[in-house]
Ligand code: APR
Ligand code: PHB
């Protein structure tokens, strides 16, 4: 088999890139280790920046998003139960985010794939990348048809944090930057109306809590928890009680309780691998970087990476120039690091750290109080929350 771009991984990065390339008439094949039900079933964050919404619209994949997505022009912060509102739209010249679950984005990307000529190989086992430092790369794997081989011009490594792509770059070339946080997020989904019209990020003495949603009838809530904690430790009643404590009495009065139908614990990590290109391989999305979920940048960064990679590849195939693909790593990393900074900062001002003494806690409280009283500080938060622009292609 032969193609122009072999894409490893059918998560948001791989599928958005596949749709972009299909639209530009560049041939690609996506190789995914799991099946569609698995990829679509993973519950992730649900806040789309304007650039992600614009990308889905540009791809004609936004009809359900435009119908069902909840446009939020603001967000809320809470300190020990006292809530204050940030009017992001007013602070950013009318920008907003759209609440629409990653699972819905994936469903829309997969549903449209056959009609758009997006080719996906499911259940591709033992994917191996070859010839990355030469002119003729290829990918091999096994599936129900046996041993397979795909020759290509370039490989897009969109296979997430645990994928093979980043691991195929020699250790002498790659640099890693990492922060592991000493806590996780315990998340639930429940078929109950959300407690607030917009999200609430709550810093409480007992730990962080987040009130989010998927629709007018479906809520998504999170609690900061210890890394050693188990799901069995958190029956629904305990979750609701703790959530109400951390959100404070005003919000607690509005929390509708109900049985959870999804419950999971995720650790928090900040991670960046540089460079994002080596020879014929480009990394995009979680394969190159991870952010803690505070601020919901993961999916949006995958989208901005592939916007830039796609522009570089189009330039290469249409005009034979390689400035865009040569500049891809630096261009993508400059946006990635700003999102890393924001996600780290937002995590650090809203969570309880085990080693935190009275001084650190007072600084957190002062920072939140400063944001509450300063439109200038709010503007910085809002600008990052709605999403920073994608830098233009290198001239
Ligand atoms: N071979 C083929 N496919 C693989 C391999 C492999 N060796 N390893 C991983 N994959 C697949 C995974 O099964 C997954 O479907 O690559 C895909 C990677 O998807 P994500 O982990 O979602 O990463 P990405 O597309 O970069 O999306 C980033 O989505 O899931 C969230 O938290 C994530 O918000 C972040 C965003
Ligand atoms: C979510 O709804 O899952 C969500 C929202 C905002 C975040 C993280 C997750 O910052």
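Here are a few things to note about the model shown:
- Note on residue 107 and residue 133: the model spin-label points, each 7 Å out from Cα along the C-beta direction, lie 4.6 nm apart.
- Normalised by 2.2 N^0.38 Å, with N the number of residues, the alpha-carbon radius of gyration of segment 195-314 equals 1.35.
- Sequence ranges 29-36, 301-308, 97-104, ranked by mean other-Cβ count within 10 angstrom, highest first: 301-308, 97-104, 29-36
- Average Cα contact separation per residue, segment 24-166, under 8 Å, 6 or more apart, as relative contact order %: 25 percent
- Extending 7 Å from the Cα toward the beta-carbon at both residue 162 and residue 330 defines two label points whose distance is 3.6 nm.
- Rounded, prolate or oblate (a/c below 1.5 giving rounded, otherwise prolate when a/b exceeds b/c) for segment 56-161 by Cα gyration tensor: prolate
- Sites residue 87 and residue 126, calculated FRET efficiency, Cβ-Cβ separation with R0 51 Å, nearest 0.05: 0.50
- In segment 215-306, Cα pairs under 8 Å separated by at least six residues give a relative contact order of 19 percent.
- GNM flexibility winner over the chain from 228, 82, 49 (Cα, springs under 10 Å): 228
- Estimated D of segment 78-221 in µm² per second, where Rh is the Kirkwood radius over Cα pairs and Stokes-Einstein applies at 25 °C, 0.890 mPa s: 121 µm²/s
- Tensor-based shape of segment 122-161 (alpha-carbon gyration tensor, a/c under 1.5 rounded, otherwise prolate or oblate): oblate
- Calculated FRET efficiency for the pair residue 58/residue 366, C-beta based, R₀ 45 Å, to 0.05: 0.60
- Based on DSSP H segments of at least four residues, each scored -39500 (n - 2.57), the chain has a per-residue ellipticity at 222 nm of -11000 deg cm²/dmol.
- Residues considered: 194, 375, 292. Largest GNM mean-square fluctuation over the chain, using C-alpha springs under 10 Å, is found at 375.
- Virtual paramagnetic centre 7 Å along Cα→Cβ of residue 173, amide N under 14 Å, in segment 1-28: none
- Each pair of Cα atoms in segment 305-391 enters the Kirkwood radius, and Stokes-Einstein at 25 °C and 0.890 mPa s then converts it into a translational diffusion coefficient of 157 µm²/s.
- Shape of segment 119-188, Cα gyration tensor, a/c cut at 1.5: oblate
- Centre-to-centre, using Cα atoms only, segment 33-57 and segment 335-363 are separated by 26 Å.
- Using alpha-carbon coordinates, inclination of helix 298-319 to the longest axis of the chain, degrees: 30 degrees
- Using a cutoff of 8 angstrom between alpha carbon atoms and counting only pairs six or more residues apart, the relative contact order for the chain works out to 20 percent.
- Stretch gain in nm, segment residue 34-residue 341, where the contour uses 0.36 nm per residue and the Cα spacing is subtracted: 107.3 nm
- If R0 is 35 Å, the Cβ-Cβ spacing of residue 27 and residue 66 corresponds to a FRET efficiency of close to 0.75.
- Modelled label positions at residue 180 and residue 147, each set 7 Å beyond Cα in the direction of Cβ, lie 3.8 nm from each other.
- For the chain, the longest principal axis of the alpha carbon atoms and the long axis of helix 12-23 meet at an angle near 50°.
- Projected-area average for the chain over all orientations - Cα convex hull basis, square nanometres: 19.9 nm²
Coordinate-derived values only; no laboratory data. These numbers come from a predicted model, not from an experiment. Every residue, glycine among them, receives a Cβ derived from its backbone with ideal geometry; neighbour counts consider all protein chains shown.
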